[in-house]
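Only one structure is covered here, and it is reproduced in the block below.
The values are calculated or read from the model by the stated rules, or taken from the named source; none is laboratory data. Please read these numbers as outputs of a predicted model, since none were measured by experiment. We place every Cβ from the backbone using ideal geometry, glycine too, and count neighbours over all the protein chains shown.
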Amino acid sequence: MHTIRKILRWLEDRTGLGELAMRVAKHPVPPGSKWAYVFGSATLFCLILQVITGVALALMYQPSSSTAYQSLQFITERARFGRVLRGIHYFGASGMIVMVGIHMIRVYITAAYKYPREVTWISGVFLFILTIAMGFTGQLLRWDSNGVWSSVVAAEQLGRIPLIGRPAARLLLGGDTIGGHSLSRFFSYHVFIVPAFIFLLVGLHVYFVLHHGISEPPKAGRPVVRDKYRQWYKEMLKEKGVPFWPYAAWRDLLFGALTICVILGLAVLFGPPGLTEPPDPSLVHTTPKPDWYMLAIFALFALMPPRIESYMIVLGPLATVIFLLCMPFFSNKGERSPLRRPWAVFGTICVVVFVFGLFLTGMHSPWSPKFKAMPLPASTIRSSDSVVVRGASLFYRKACLYCHKIEGQGGDTGPDLSAVARRLTADELKLRLVNGGRNMPAYGGLMTNDELKALVEFLQTRK
Ligand code: HEC
């Protein structure tokens, strides 16, 4: 006992960590910071959970295109606790995005981003972007058709940015198309690069929060005045402040524990998202859906008229990010209470309803290769020539029908091909199939010459 105490005292003397921890735990916080303040720490709890489960998964995962899918199958079906582990990592990611979203809304509604906490907000905006980046890169690591398809769409969108689009898409994918090289790249993003930035920024974010102190719950009629705020805050803390531990921290702990329990429960109950089949760009059978937090973004682009889509895909996210980053500079003093900022509240409600509406739309995948399309009925095949019949069957099997309608059957992503032969000659058809187009995959390397010929033959009958 005595020796242990001696060692501890020596450690404390040489590091001072105990004192630091005490100072953080006991630092005074404004009274009355109630349940609304728990979402930031809940995000942190989720992050810690993600790090632990992520490292455990990385011990078994093999980031190569020939083995990734199998290694995930192995983790899910045979490794001990593998299924639950993947489940926790999946629901942990969802939990983190939900918490980050609520935390942002709370900070905005209570105007906690105002003077002097502008930089805290900005570091938070970057953390939000990085969190989404983690979800996006993680999805590809499943290396099933869902993940690959979503990344193809994203890379295409990136590629449309004027000037820097192509190089940016190449940088993202590690080449011109998606393949094994993209997988190693996404693995590096997901486990080295993005987490490094997240750790750095989380450190800074928490430091800023401690540096400025937790924002006091807003009160109508008590505006933030630039030159007086710090002085006022200091005096308020001296007078009414309570030590962070235990008066405020118990809520953080309780809510964090609850969050983790819910994540564990969901993971045990539902398990990880099932793997769809291995990726094959020409065959996308099931309903490739991005994970739910991407649905809103996908739906937004799907609903936009194609003519403005190219611009909006670039300008939309850019404008959103710039707006979020500049926001604390437009309004960094004055009233903080939501009661005195009706437009801020109204705007937030609009954004939430809008995003939720997009999410619901996204559930039906309108962007929408229609992956449940049935093979073409015999009545739409106007020739009994065996090559034409083969072409019609390929039209279904090569997934053309997911995007193209023929006599009312099929998806809406591409033009209706019911009468395509009136517009295009056989050579033009062939060229289009080999090269693809905007939103259409290039089938050049994915089909044999015979298949290509049969498809063109079949399309030639569509007059
Ligand atoms: C992911 C969705 C998608 C798939 C799958 C797809 N296409 Fe397309 N296709 C499109 C889009 C979008 C366009 C319009 C491209 C453009 O305007 O540049 C298009 C254009 C075309 C055109 C030109 C139509 C015209 O009127 O100009 C033909 C022909 C065509 N596709 C045939 C096929 C065939 C055959 C297949 C299957 C081997 C196929 N497509 C698979 C999305 C798809």
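Brief remarks on what is shown
- Leu49 being crowded, with 19+ Cβ neighbours inside 10 Å, without any contact (Cβ under 8 Å) to a residue 60 or more places away in the chain and in contact with a His (Cβ under 9 Å, 6 or more places away or on another chain): no
- When every residue of segment 248-265 is checked against the conditions, at least one turns out to be more than 28 Å from the chain's Cα centre (by Cα) and either closer than 30 Å to Leu401 by Cα or modelled with pLDDT under 90 (or both).
- Which listed residue, of Phe244, Phe208, Phe192, is under 27 Å from Met134 (Cβ atoms) and surrounded by 12 or more Cβ atoms within 10 Å (Cβ to Cβ): Phe208
- Just one residue in the set Ala36, Ala56 is over 22 Å from the mean Cα position of the chain (by Cα) and in the same structural domain as Leu266 (by TED's automatic domain parsing); that residue is Ala36.
- Picking from residues in segment 148-158 that are buried (at least 18 other Cβ atoms within 10 Å of the Cβ) and out of contact with any Phe, Trp or Tyr (no Cβ under 9 Å at 6 or more places or on another chain), the one that is farthest from Ala93 (Cα to Cα) is Leu158.
- Subset of segment 414-463 (residues that are in contact (Cβ under 8 Å) with a residue 24 or more places away in the chain, of a type in the set (Val, Ile, Thr) and more than 6 Å from the ligand (Cβ to nearest atom)): Val456, Thr461
- One residue alone among Ile214, Ile260 is among the β-branched types (Val, Ile, Thr), in a helix (DSSP H, G or I), surrounded by 13 or more Cβ atoms within 10 Å (Cβ to Cβ) and in the same structural domain as Leu85 (by TED's automatic domain parsing), and that residue is Ile260.
- Of all residues making up segment 401-413, the number that are of a type in the set (A, V, I, L, M, F, W, C) and either more than 11 Å from the ligand (Cβ to nearest atom) or over 10 Å from Leu376 (Cβ atoms) (or both): 1
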